[in-house]
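The structure appears right after this line, and notes come after that.
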Amino acid sequence: MAAKTILMLVGDFVEDYEAMVPLQMLQMVGHTVHTVCPDKVPGDCVRTAIHDFEGDQTYSEKPGHLFAINTDFALVDPAAYDALVIPGGRAPEYLRLNPRVLEIVQQFAAGAKPIASICHGQQILAAAGVLDGRHATAYPAVRPEVERAGAHWCEVNEDASNAYTDGNLVTAPAWPAHPDWMRQFLHVLGSRIEA
């Protein structure tokens, strides 16, 4: 397996598990992950939020951890990366308003590079206009945006543990899907895990 260099787009109140767990999983198999956030440089951090499913009508939110930024967003060149990861949480809601974020996503999509997006991360994909004709899922509250962006909605399991791959695009509804989401993304990346 050739190691890949992967870009991860985050912002304040990104979902804690959806940033940290994929970062660690991808590093575990030998990939390099550059974490970036608009207006932040290496050494800065973003605050995370922990979203949990506790029987309420929607997820609950608790303070998370500090998540380190290791790359300067202003210097990002999508051509230098093999793949893109977009975690969910509240960050995508405002990151999708940043024209440079949308340009970066559009360049990954135009190059048919692997993209893994989870939960509310699909708000960025919808705003970037890269979902038309694709099969995708997301946190159920994001379904209207995904469908209005032209995607074919893929159903979410009751425990939100499933993911879908459509070519280079791997989407999942929430962090309970990490095993399926990362397994499918690693397959798209051409990664192998030896037993």
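Looking at K62, K40 in this structure, which one is basic (K, R) and modelled with pLDDT of 95 or more?
Of the residues listed, the single one that is basic (K, R) and modelled with pLDDT of 95 or more is K40.
How about segment 1-36: which of its residues are of a type outside the set (V, I, T), within 13 Å of A68 (Cα to Cα) and either out of contact with any strand residue (DSSP E or B) (no Cβ under 7 Å at 6 or more places or on another chain) or in a loop (DSSP other than H, G, I, E, B) (or both)?
Those that are of a type outside the set (V, I, T), within 13 Å of A68 (Cα to Cα) and either out of contact with any strand residue (DSSP E or B) (no Cβ under 7 Å at 6 or more places or on another chain) or in a loop (DSSP other than H, G, I, E, B) (or both): G11, D12, F13, Q24.
I'd like to know if segment 23-35 contains one or more residues that are modelled with pLDDT of 95 or more and more than 20 Å from Y81 (Cα to Cα).
no
Would you be able to say whether some residue in segment 105-124 is under 17 Å from H34 (Cα atoms), exposed (fewer than 14 other Cβ atoms within 10 Å of the Cβ) and among the hydrophobic types (A, V, I, L, M, F, W, C)?
No: zero hits.
In the set V14, V36, which member is under 25 Å from P140 (Cα atoms) and crowded, with 22+ Cβ neighbours inside 10 Å?
Selected residue: V14, the only one of V14, V36 that is under 25 Å from P140 (Cα atoms) and crowded, with 22+ Cβ neighbours inside 10 Å.
Can you tell me which of E103, E147 is more than 26 Å from Q27 (Cβ to Cβ), touching a strand residue (DSSP E or B) at 6+ places or on another chain (Cβ under 8 Å) and without any contact (Cβ under 8 Å) to a residue 60 or more places away in the chain?
It is E147.
Can you tell me which of V41, V14, V29 is of a type in the set (A, V, I, L, M, F, W, C) and under 21 Å from Q122 (Cα atoms)?
Matching residue, one of V41, V14, V29: V14.
Looking at segment 74-97 only, could you name the residues that are more than 16 Å from the chain's Cα centre (by Cα) and surrounded by 15 or more Cβ atoms within 10 Å (Cβ to Cβ)?
V76, the sole residue that qualifies.
The values are calculated or read from the model by the stated rules, or taken from the named source; none is laboratory data. Just so you know, these numbers come straight off a predicted model, no measurement behind them. Neighbour counts are summed over all protein chains in view; Cβ atoms, including those assigned to glycine, are modelled from backbone coordinates with ideal geometry.
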